[in-house]
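Chemist: Submitted below is the structure of interest, expressed as structure tokens.
The values are calculated or read from the model by the stated rules, or taken from the named source; none is laboratory data. Predicted model only: the values in this text are computed from it and were never measured. Heads up, the Cβs are rebuilt from the backbone with ideal geometry, glycines too, and the neighbour counts pull from every protein chain shown. Areas reflect the complete protein model, heavy atoms only, side chains present, ligands, DNA and RNA absent. Shrake-Rupley method; radii C 1.70, N 1.55, O 1.52, S 1.80 Å.
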Amino acid sequence: MELNKIYKLAISFISILLLITLIGCSNSDTSGTENGKSDTEQTIEDPQAGGTLNVAFAAEPDTIDWMYTGASSTRDIGWHIFETLFALDKNYETKPMIAEGYEVNDDRTVYTISIREGVKFHDGSTVTAEDVAASIDRWRKVSSVGKIASQYIESVKATELTIEIELNEVYNSLLVDMSAPKSALMIIPAEIAESAGEQPLKPDQLIGTGPFKFEKWDRGNEIVLTKFEDYSARTEEDWGGLTGKKVAYFDQINFKIVKDPQVVVNGLKTNLYDYGQSIPPDLYTVVESTPTIDPVTYINGYSIITPDKSEAPFDDLKVRQALNYALDKKTIAQAAYGNEKFYSFDGALFVPEQTKLYSEKGTDMYLAYNTNKAKDLLEQSDYNGKPIKIMYANNYDDYKNISEVVKQQLEAVGFKVELVPYEWATYLEKWADPANWDLVVIGWSTRFSPNELGMLSLDTSSSGWYQSERWENLIAQYSNVTTDAERKEILGEMNQTVYDELPFVKIANESTLDIKSTKVKDYDSWIGQRFWNTWKSDK
Amino acid sequence: MLQYTIRRFISVIPVMFIVSVIVFLLVHLTPGNPAYLILGEDSSQESIKQLEQQLGLDKPIVVQFFDWIKNILTGDLGQSIYSSEPVTQVIFDRFGPTFSLMLLSLIFILVISIPIAIFVVAMRKTILDPIFLTISLLGVSIPEFWFAILLVLAFGVTFPIFPVAGYAPIAEGVFSWLYYLILPAFVLAAVEVGLIARMLRDGMLESINQDYTRTVRAKGVRESTVLMKHVFANALIPTTTVVGTAVAGLLGGTVIIETLFTIPGIGQLLIDSIYRRDYPVIQGVVLIISAIYVLINLLVDLLYAFLDPRIRYD
């Protein structure tokens with residue numbers, strides 16, 4: 001071969017390599033300028049039944065037993081399969097689901113709940129009062145919420161389609177607890193509830209009443225649900241949330257385990273997936289500029305800093321007050337979340353979307369940034385200049401960023417600070433011992449009742465060993481009052497208590513970003529993925 | 001030879017024992033605990049104690065170790081803490097994707113590197129040789145994850161020829177199996193191709209000027225026959241060792257590639273289990289990977305002796 005030919009060959013080979021590199025790098029330009037999203041330009045289509053929905057699911061759940069755990073990966077799949085007696089509607093209010101309705105006696109200690117007739121389980125049997133009683137029984141033993149409610153329950157009686165729950169004292173949170181979408185009171189056949197006992201349900205025991213039924217679990221790969229043809233739907237079209245009319249349009253839903261968000265975005269671009277979960281906010285611009293992808297955002301609790309109140313220095317209220325004054329939450333949130341769409345400032349214990357639980361009262365001290373006051377308080381306190389340890393989980397960028405900014409701001413008022421990052425599993429273990437930390441930075445997902453607020457459960461590691469008679473009394477009062485106005489009053493008092501005693505310092509409300517293909521229609525974002533009443537257009 | 005083989009097999013036993021001790025200690029001395037992970041951030045100390053007891057994690061570590069070893073000797077690697085399935089079953093279920101990936105990668109490696117090496121040696125006096133050296137160095141140095149992302153963007157997103165992620169078992173058809181695996185297998189092969197082609201080239205260049213090669217040439221044998229029959233065959237011996245270690249290296253590479261392409265294989269299983277502190281699964285996977293590693297090395301040694309009759313271990 002002549003040398004000339006070889007040169008040509010070599011040059012063309014190198015050019016091809018370069019071309020591949022260029023194509024790879026120029027990827028973001030290909031999306032073009034037209035922003036053809038939103039349904040506005042299309043005339044309203046009629047829902048199309050059928051097809052398969054491929055969901056890129058960020059974390060493989062340990063179990064799909066939605067009663068056993070409050071983990072959101074369990075919940076988001078579980079509520080397609082299982083349903084509860086009562087459930088939250090789109091405004092986070094309690095509405096009947098499998099229940100028809102209920103009555104309470106005058107001294108509010110006996111609840112008589114009627115069950116809808118002919119509600120079918122996936123195994124073909126019909127829901128009876130025995131099934132409900134057995135489910136309640138198991139809920140009282142395995143669910144974190146059920147364990148709380150259980151202290152008030154004297155007896156549960158089942159007759160035909162009626163359940164009678166007798167309480168040992170007034171407990172007005174009963175229905176709220178029964179409808180909590182966390183470790184939920186899902187209704188399963190009595191024999192399964194009894195045989196499973198306190199163990200999580202096994203795949204062959206995943207029998208519920210929901211619009212989709214469990215098909216298979218290919219571990220590490222996917223969880224497959226199929227449409228339940230005999231689904232017993234309610235009729236209310238405007239309830240939303242987890243109740244009201246549910247129609248399963250898809251024949252099949254594949255929850256595919258995909259951990260890398262970049263893969264999820266690429267997968268949606270190439271129609272490998274139709275929906276993708278948990279996308280970091282810094283990919284928002286990419287999502288927005290892709291015409292075939294819609295962003296989906298929804299509330300997801302808030303970020304907080306919890307001081308260890310069992311030891312110096314944060315056992316001293318003055319030091320905790322100094323902490324609150326020292327923090328410029330706006331700067332922190334800006335640094336942690338970047339895009340304003342994903343955070344908002346509100347000092348309350350619940351978010352404004354939770355209309356029945358939200359009260360803005362008592363939150364004046366939320367944005368009380370004042371370094372001079374912080375310095376004064378710190379001087380008056382017993383703080384001796386010993387470095388404080390801020391512990392956080394380093395697999396979440398948000399909390400890492402928050403911790404770094406908090407460190408700077410605390411140093412500015414005279415604290416000495418040491419950051420101690422851990423990987424999640426280590427972090428959880430270290431959390432249990434007060435010797436390991438002084439402040440933890442963490443996010444708490446949306447809760448639906450004051451007694452579900454884990455960062456305030458008295459004398460536990462999750463609350464930083466918070467002790468408060470005032471809080472204990474408020475929780476007790478809350479389950480004794482009957483009207484919304486009285487509850488609102490107490491919720492305001494609860495906010496005030498948190499700012500007076502500072503068991504934790506709230507940073508900002510958080511929103512989560514999911515993405516969906518523009519072909520997925522009528523999707524309504526709430527607090528997680530629900531794939532009934534939504535469908536896929538073939539256009 | 002037989003005696004040598006037996007001796008080598010016996011020497012595997014202490015190696016595996018040491019591996020199992022190290023694996024067990026590493027796993028159990030790492031902070032973190034499955035009980036906390038299962039119960040979540042607002043669990044009480046009592047329920048954590050209770051779960052630890054139920055999982056047998058409250059026993060002294062020495063007792064846990066000997067329980068584990070005793071079970072291994074009967075072929076029982078324990079149960080996954082999360083799915084309650086036997087670890088052997090869990091690993092077996094995940095082995096298909098990893099094996100497929102490694103097999104296809106190995107095919108890529110051999111099919112690409114051998115012809116390239118022969119071609120380059122044939123063209124050894126041209127500019128092609130330094131170009132090859134540069135590219136092979138590049139191939140060895142490119143980080144796998146970077147190359148993977150680049151290929152995904154090029155052939156998955158910009159030109160959507162291949163899927164960006166996922167896996168289809170061979171039972172669903174050879175075509176879709178290949179369709180999902182080509183990109184990840186190619187990335188996995190890339191590093192080793194550079195290395196092996198380079199080894200083969202060096203080996204061939206070494207024997208090309210040997211006396212026996214000159215003799216063959218002097219006899220008037222065609223240059224292509226000289227290359228293939230005499231030079232290539234001799235260069236195969238050192239290359240075999242490298243291919244052996246490459247196969248073992250592929251096993252490590254699958255951990256990264258499986259994560260990037262969401263292939264549900266052993267690598268993903270290992271990563272997930274570490275995050276979840278699923279002790280029996282981590283121990284089982286590492287033990288099996290080590291066993292495969294040791295066996296491959298053993299096989300290479302034996303093959304070495306077989307390929308080169310001059311080598312005898314007595």
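Chemist: Out of the total accessible area of the protein assembly as shown (probe 1.4 Å, heavy atoms of protein only), what percent is carbon and sulfur?
Modeler: Numbers: 21120 of 37420 Å².
Reported share for carbon and sulfur atoms: 56 percent.
Chemist: Based on the alpha-carbon gyration tensor of the stretch B:1-122, what equivalent-ellipsoid semi-axes (square roots of 5 times the eigenvalues) come out, in whole Å, largest first?
Modeler: Working: eigenvalues 338, 106, 37 Å².
Output for the stretch B:1-122: semi-axes of 41, 23, 14 Å.
Chemist: If you place +1 on the Cβ of every Lys and Arg and -1 on the Cβ of every Asp and Glu, how big does the dipole about the Cα centre of the stretch B:92-263 come out, in debye to the nearest 20?
Modeler: For the stretch B:92-263, the charge dipole is close to 740 debye.
Chemist: Mind checking which of B:174, B:140, B:254 is farthest towards the positive end of the stretch B:92-263's charge dipole, using Cβ charges of +1 (Lys, Arg) and -1 (Asp, Glu) about the Cα centre?
Modeler: B:140
Chemist: Nearest 10 degrees, 0 to 90: what angle lies between the long axis of helix B:266-276 and the longest principal axis of chain B (Cα atoms)?
Modeler: Helix B:266-276 sits roughly 30 degrees off the main axis of chain B.
Chemist: Based solely on its DSSP helices, what 222 nm [θ] is calculated for chain B when runs of n ≥ 4 H residues each add -39,500 (n - 2.57) and the sum is averaged over all residues, nearest 500 deg cm²/dmol? If you can, show how the numbers build up before the last one.
Modeler: Numbers: 12 runs with 228 residues, N = 314.
-25000 deg cm²/dmol, from helical runs alone.
Chemist: Residues of the stretch A:500-527 with the amide nitrogen closer than 18 Å to a label point 7 Å from the Cα of residue A:334, along Cα-to-Cβ, please.
Modeler: Of the residues in the stretch A:500-527, A:507-509 have backbone N under 18 Å from the label point off residue A:334.
Chemist: May I pose another question? How many Å² of accessible surface get buried when A and B come together, counting both sides, probe radius 1.4 Å, rounded to the nearest 100?
Modeler: Heavy-atom accessible area buried at this interface is about 3900 Å².
Chemist: By the gyration tensor of its Cα atoms, with a ≥ b ≥ c the square roots of the eigenvalues, what is the shape of the stretch A:320-477: rounded for a/c under 1.5, prolate for a/b over b/c, or oblate?
Modeler: Here the stretch A:320-477 falls in the rounded category.
Chemist: Moving on to the next point. Mean residue ellipticity at 222 nm from the helices of chain A, using -39,500 (n - 2.57) per DSSP H segment of n ≥ 4 over the full residue count, to the nearest 500 deg cm²/dmol?
Modeler: My calculation for chain A gives -9000 deg cm²/dmol from helical runs alone.
Chemist: Report the residue, chosen from B:292, B:161, B:263, that carries the largest GNM mean-square fluctuation when chain B is represented by alpha-carbon nodes joined by springs under 10 Å.
Modeler: Looking only at B:292, B:161, B:263, the biggest GNM fluctuation is shown by B:161.
Chemist: If each of residue B:294 and residue B:161 carries a label point 7 Å out from its Cα toward its Cβ, how far apart are those two points in nm?
Modeler: 4.3 nm
Chemist: Next question. Need the full-extension length gain, residue B:29 to residue B:73, defined as separation in residues times 0.36 nm minus the C-alpha distance. One decimal, nm.
Modeler: Result for the pair: 13.5 nm of gain on full extension.
Chemist: Then there's this: Residue B:99 versus residue B:12, label points 7 Å from Cα toward the beta carbon: distance in nm?
Modeler: Taking the simple label geometry, residue B:99 and residue B:12 are separated by 1.6 nm.
Chemist: Continuing with this model, one more query. I'm a student and want to see the number: the projected area of the Cα convex hull of the protein assembly as shown, averaged over all directions, in nm².
Modeler: Dividing the Cα hull surface by four gives the mean projection, 43.3 nm².
Chemist: Towards the positive end of the charge dipole of the protein assembly as shown, with charges on Cβ (+1 Lys, Arg; -1 Asp, Glu), say which of B:116, B:162, A:343 has the farthest Cα.
Modeler: Checked the options; the winner is B:116.
Chemist: Given +1 on the Cβ of Lys and Arg, -1 on the Cβ of Asp and Glu, and no further charges, what dipole in debye does the stretch B:120-219 carry about its Cα centre, rounded to the nearest 20?
Modeler: Its charge dipole is roughly 540 debye.
Chemist: Name the residues of the stretch B:140-172, by number, that are at least 40 Å² less accessible with every protein chain in place than in the isolated chain; the surface is that of heavy atoms, probe 1.4 Å, without ligands or nucleic acids.
Modeler: Residues of the stretch B:140-172 that lose at least 40 Å² of accessible area once the other chains are added: B:150, B:153, B:157, B:158, B:164.
Chemist: Please give the direction-averaged projected area of the C-alpha convex hull for the stretch A:322-391, in square nanometres with one decimal.
Modeler: Result: 6.5 nm².
Chemist: Placing +1 at every Lys and Arg Cβ and -1 at every Asp and Glu Cβ, with all other atoms neutral, what dipole size does the protein assembly as shown have around its Cα centre, in debye to the nearest 20?
Modeler: For the protein assembly as shown, the charge dipole is close to 4500 debye.
Chemist: Let me ask something else about it. With both partners inside chain A, how many of the DSSP beta bridges are antiparallel, as a percent to the nearest 5? It would help to have the intermediate numbers written out before the result.
Modeler: On the way: 55 of 71 bridges.
Of the beta bridges lying entirely in chain A, close to 75 percent run antiparallel.
Chemist: Moving to a separate point now. Put +1 on the Cβ of every Lys and Arg and -1 on every Asp and Glu Cβ in the protein assembly as shown; which of A:132, B:16, A:109 then has its Cα farthest towards the positive end of the dipole?
Modeler: Going by the Cα projections, it comes out as B:16.
Chemist: Students often forget the sequence filter, so: which lysines lie under 22 Å Cα-Cα from residue A:430 once same-chain residues fewer than 8 apart are removed?
Modeler: Of all the lysines, those that pass the test against residue A:430 - Cα under 22 Å, at least 8 places apart if same chain - are A:309, A:386, A:389, A:400, A:407, A:416, A:506, B:49, B:59.
Chemist: Using Cα positions and a limit of under 13 Å, work out the aspartates and glutamates in reach of residue B:125, with same-chain residues fewer than 8 apart set aside.
Modeler: Counting by Cα, and skipping residues close in sequence, residue B:125 has these aspartates and glutamates nearby: A:2.
Chemist: Further question on the same structure: From the Cα gyration tensor of chain B, with a ≥ b ≥ c the square roots of its eigenvalues, which class applies: rounded if a/c is under 1.5, or else prolate if a/b is larger than b/c, or else oblate?
Modeler: It comes out oblate by the Cα gyration axes.
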